[in-house]
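Note sheet for the following structure.
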Amino acid sequence: MSQAKRYLLTGASSGIGEALARELANRGYDLVLAARRIDDLKLLAEELSNKHGRKILALPLDVTDFAAAQAIIGQASEALGGLDGVIANAGIAMSSKVGSGHFDNDKRVIETNLTGAIASLDTATRLFLQQGHGHLVALASVAGKVGLPGNAGYSASKFGLVGYMRTLQSEVTRKGIDCSLLLPGFIDTPLNRDMKSRPFVISVERGAELIADHIENRRSFAYVPGWPWALLAPLLSLLPPSLLGKYF
């Protein structure tokens with residue numbers, strides 16, 4: 001069957017999510033865009049719908065409301081007349097060193113980046129198993145392979161998402177469901193502009209273009225961009241932790 005293009009995209013109001021919404025709309029996708037900032041999201045949805053003639057809708061979502069993160073799967077399916085894919089992109093970063101007294105920040109990051117993503121992906125998996133097809137996409141990070149000093153909570157959330165998606169891939173193989181685990185490196189967004197080092201940073205527009213390519217090709221795993229991270233990330237993961245602190 002030809003690949004239908006009715007997707008839910010979380011975290012779509014800014015950063016990678018906004019750029020990816022623009023790229024996918026340009027490629028002919030019908031979208032439900034979800035995020036907390038519903039006013040910004042409605043303006044984006046209206047702009048893209050008028051520009052590309054696609055069905056693009058905005059729904060409010062705070063993924064740390066786990067019941068809402070589950071319910072939005074059915075809402076998106078109803079709004080689009082069916083659902084072919086879910087892109088778990090919503091994420092935050094709050095830098096702090098371990099032992100600095102900012103446990104609440106780490107807790108919020110993990111609830112947003114990991115638990116909120118799982119809530120939506122789990123519900124989407126159930127729907128896709130019932131209908132016999134679907135595409136599950138998770139935006140993790142190179143930080144899910146290399147622990148970034150000063151970002152333990154963020155790194156933990158992305159390590160967890162990598163592990164979850166790897167397990168999910170093993171469970172749904174040959175059941176009509178595709179899974180794409182994508183690991184961006186440094187993509188220029190407000191999320192990382194306060195970091196002291198952003199090696200090999202690329203523009204958010206270029207990042208969205210590469211991510212959309214992987215979604216369309218249903219790549220099971222990819223770094224974004226592939227070069228140099230496909231080589232560098234596995235090597236960095238082998239470095240002594242004391243050396244990582246000198247570069248990040």
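The values are calculated or read from the model by the stated rules, or taken from the named source; none is laboratory data. None of these values were measured; they are calculated from a predicted model. As a convention, Cβ positions derive from the backbone with ideal geometry for all residues, glycine included, and neighbour counts pool all protein chains shown. Only protein heavy atoms, including side chains, enter the accessible area calculation; ligands, DNA and RNA are left aside. Shrake-Rupley method; radii C 1.70, N 1.55, O 1.52, S 1.80 Å.
Write down the Å³ per residue value for the convex hull defined by the alpha carbon atoms of the chain.
119
Just add up the charged neighbours of Asp40: K/R +1, D/E -1, any other residue whose Cβ is under 12 Å from the Cβ of Asp40.
In short, -1.
For a quick check of understanding: with a 1.4 angstrom probe and all protein chains in place, what accessible area in square angstrom does Tyr164 have, to the nearest ten?
Surface open to solvent at Tyr164 totals about 60 Å².
Convex hull volume of the Cα atoms in the range 173-248, per residue, in Å³?
Enclosed volume per residue, from the Cα hull, is 113 Å³.
Looking at the range 94-184 from every direction and averaging, what is the projected area of its Cα convex hull in nm²?
Answer in nm², one decimal: 5.6.
For Leu57, enumerate residues with amide H under 5 Å from its amide H, sequence gap 5+ or separate chain, H modeled in the peptide plane.
So Leu57 has HN proximity to Leu31, Val32, Leu33.
What does the accessible area of Val172 come to, in Å² to the nearest 10, when a probe of 1.4 Å is used?
Rounded to the nearest 10, that gives 10 Å².
Within the accessible area of the range 61-170, what % is carbon and sulfur when the probe is 1.4 Å and the other protein chains stay in place?
So the carbon and sulfur contribution to the accessible surface is 54 percent.
If the cut-off is a Cα-Cα distance under 13 Å, which aspartates and glutamates reach Lys175, setting aside same-chain residues fewer than 8 apart in sequence?
Of all the aspartates and glutamates, none pass the test against Lys175 - Cα under 13 Å, at least 8 places apart if same chain.
Going from the alpha-carbon gyration tensor of the range 1-101, what semi-axes, largest first and in whole Å, does one get by taking the root of 5 times each eigenvalue?
Equivalent-ellipsoid dimensions as semi-axes: 26, 15, 13 Å.
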